[in-house]
Amino acid sequence: MNDYLYEVAKRLVAFDTVSAKSDRDAMDYLAAELAPCGFKTAIQPIELFGVAQANLVAWIGPPRADGLIISGHVDVVPFDGQPGWEREPLKLELAGEKIYGRGTTDMKGFIAQCLDAARTLDSSRLKRPLVFVFTASEEVGCLGAHSVAPALKQILGETPVPQLAWIGEPTSWEVSHAHKSIVSFGVTVRGIGGHSGAPARGVNAIAVMSRAIDTIGRYQQELAARRPAKYAEIFPDAPCDVLNFGTIHGGIALNMIAEECTLRVSYRSLPDADPLDVYHEIQRRLAALDGHDYAGREHRAKIETTLLNVVPPLDSARGTALEAALFDVTGAKTAGGALYATDGGWFTGSGITSLICGPGDLDQAHQPNEHVRRDPFERGPAMIHKVIDRLCCT
C-alpha cells in the first residue's frame, strides 16, 4: 500500500469543503505539500456568496511553451441530511476493494494521486512546465475556474500557460472531450393576494405558475425532439438539449391567495449552440403567456425571469497529444461526452483545450457512501507520471 497516497486522501476527505464552506484550509494544505517538491505555488483568494474561498495554482519546470495543466476541484456536494449514509462522510475508510468518503470519487481521490505523482517526480527531466490548478466551487457553477482561468497568465508570470489541460473528473478512466453547457434561471410570478373566499379579487401566483410550467414543459418536449445526428454518439443518453425543474416555492397559507411563486430551472444545451438561446426563447414564450388565473379575468400576474448562472460547454479538438497520452495509459480507444459540466468550459475561453479522465465511477458521484475502487485509485499516480513524461519530458 502507498502510505503517502492514502494519507493525502485521508487528509483531503477530512476537510469539510462542501461548497457553502471555505476551502482555504484544504488549499493551504495542498500548497504546503507541493512546495517541498519544488513547485512554485500561488493562492488566489476569492469570495463567493460571502464565503472566503481560494484557488491554488502550482507549477514546476522551465518557462517554455507547451507543457500540461492537471486540474481538479476541491469542493464537494453536501452530505448533511442525505439519506443512506452508513459511514462517516469526512472519514476515509478502506473496506475490501472500496475506499469510502465524501469526495473519494468526485474528486479528492484524483487530487491525492496528483500529489503522490508530484512527490516522486524527477523535476530535472522536465523540458516543459507542469501546472496543477485546483479550484473552488465547481459544484455550484464552476465559479473557481471562472476566476482563475483568465488569471493564469498573470499568475504564472514568465511561464507560458500550457494549452492542454487534463481534468480528473470521474470517468472510470474513460476519456471525454465534450460536455454541454449549464444555464440556470429563476421564474417569479407576482400575483395579488387576498382572502381565499374571494378568489376573483386577486390573482393566484401558483395558478399562473402552473401555466408557466406547462409552457416551459411543452418547449422541453420540442427540444427533446431535436436530436442532431452528430451528437448521437457523443451523448448517447441524451443527444439533445435537456431541461429540469429544480425547485418551486409559493403561498403562505391555505386560506390566502398566493401572492408570489418562484421556480428554479436549469438546462444543458449542446456544445455548438449559444448557451443562452434556450433562455431567451423561454423568456419570449413567458412574455406572451396569459397572466390571468383560473378564478377571474380582472387582474393579471406579472411574470419575471432572472438569469442565475451560465457554465460554458466543452467541445475540445480531437487528436491532441494529451488525447494520445490518455489513450495510451488508460487503454481507451475513443473519446465521448460527459453528462456533467466541468471547469474545462471556462478553460476553453482562455485558449486551453481540456480532456476529462479520472479514476472514479460516475455512479458514485454525489451519492451516499461515496467510494472509489481501490485498484484504479492505486494505479493513478503511475498513470499520471506516464502522461507527464510524454507531454513535459520528451
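The values are calculated or read from the model by the stated rules, or taken from the named source; none is laboratory data. Computed from a predicted model, the values in this text were never measured in an experiment. Don't worry about glycine lacking a Cβ; one is built from the backbone with ideal geometry, like all the others, and counts go over all protein chains shown. Accessible surface is based on the protein model in full, side chains and every heavy atom, while ligands, DNA and RNA are left aside. Shrake-Rupley method; radii C 1.70, N 1.55, O 1.52, S 1.80 Å.
Using r as the Cβ-Cβ distance of LYS153 and ASP290, and R0 as 56 Å, what FRET efficiency do you calculate, to the nearest 0.05? Let's see the in-between values first.
Values: r = 52 Å, r/R0 = 0.92.
Taking R0 as 56 Å, the efficiency between LYS153 and ASP290 is 0.60.
In whole angstrom, and with the biggest value first, how far do the Cα coordinates of region 125-233 range along each principal axis?
80, 37, 22
Leaving out ligands, DNA and RNA, what percent of the accessible area of the chain is carbon and sulfur, probe 1.4 Å?
The nonpolar share, carbon plus sulfur, comes to 51 percent.
For region 284-311 and region 67-112, what is the separation of their C-alpha centers, rounded to whole Å?
Distance between centres, Cα-based: 41 Å.
At 10 °C and 1.306 mPa s, what whole-number value in µm²/s does Stokes-Einstein give for the translational diffusion of region 1-151, with Rh from the Kirkwood sum over Cα pairs?
Diffusion coefficient, whole number: 99 µm²/s.
Could you go through region 76-89 in sequence order and give the Karplus-derived ³J(HN,Hα) for each residue, using 6.51 cos²θ - 1.76 cosθ + 1.60 with θ = phi - 60°, rounded to whole Hz, and x for Gly and Pro?
Rounded to whole hertz, the list is 10, 7, x, 10, 4, x, 7, x, x, 5, 10, 9, 6, x.
For the pairs LYS98/LYS333; LYS180/LYS302; LYS108/LYS333; LYS10/LYS386; LYS180/LYS333, flag any whose C-alpha to C-alpha distance is greater than 30 Å.
Those over the limit are LYS180/LYS302.
Label points 7 Å out from Cα along the Cβ direction at VAL77 and ASN255: separation in nm?
If labels sit at VAL77 and ASN255, their model points lie 4.2 nm apart.
Rounded to whole Å and sorted largest first, list the principal axis extents of the Cα atoms in region 288-394.
Sorted largest first, the three principal extents are 75, 37, 21 Å.
Show me the ranking of peptides 303-313, 320-330, 6-16 by mean Cβ neighbours inside 10 Å, starting with the highest.
My ranking of the peptides, most packed first, is 6-16, 320-330, 303-313.
Under a crude label model (7 Å from the Cα following the beta-carbon direction), how far is SER210 from GLU233 in nanometres?
Spacing of the two 7 Å Cα→Cβ label points: 4.7 nm.
Place a label point 7 angstrom from the Cα of VAL51 along the Cα-to-Cβ direction, then list the residues of region 350-388 whose backbone nitrogen is under 18 Å away.
Answer for this model: 366-367.
Check every DSSP H run in the chain and write down those whose alpha carbon atoms cover 18 angstrom or more along the long axis and whose mean Kyte-Doolittle hydropathy is -0.5 or greater. Could the numbers behind the result be given before it?
Details: long enough: 205-225 (30 Å, 0.30); 374-392 (28 Å, -0.46).
Those that clear 18 Å and a mean of -0.5 are 205-225, 374-392.
Skip the ligands, DNA and RNA, and give the accessible area per residue of region 298-389 with a 1.4 Å probe, whole Å². Let's see the in-between values first.
Working: 3790 Å² over 92 residues.
That works out to 41 Å² per residue.
Within region 358-391, which residues have the backbone N less than 18 Å from the label spot 7 Å out from THR120 along Cα→beta-carbon, could you tell me?
Zone members listed by number: 359, 374-391.
By per-residue mean of other Cβ atoms within 10 Å, what is the highest-first order of 85-92, 52-59?
Details: 85-92: 15.6, 52-59: 23.6.
Answer by packing, highest mean first, reads 52-59, 85-92.
Tell me, what does the Kirkwood hydrodynamic radius of the chain come to in angstroms if you use every pair of distinct C-alpha atoms?
Evaluated over the chain, this radius sits at 22.6 Å.
Peptides 278-285, 293-300, 263-270: what's the order by average Cβ count within 10 Å, highest mean first?
263-270, 278-285, 293-300
Quick check on the chain: helices-only [θ] at 222 nm, where DSSP H runs of length 4 and up contribute -39,500 (n - 2.57) each and the sum goes over total residues. Nearest 500, please.
Mean residue ellipticity, 222 nm, calculated: -8500 deg cm²/dmol.
Which value in nm describes the separation of the simple spin-label points at ALA321 and ALA382, placed 7 Å from the Cα toward the beta carbon?
Result for the modelled spin labels: 2.5 nm.
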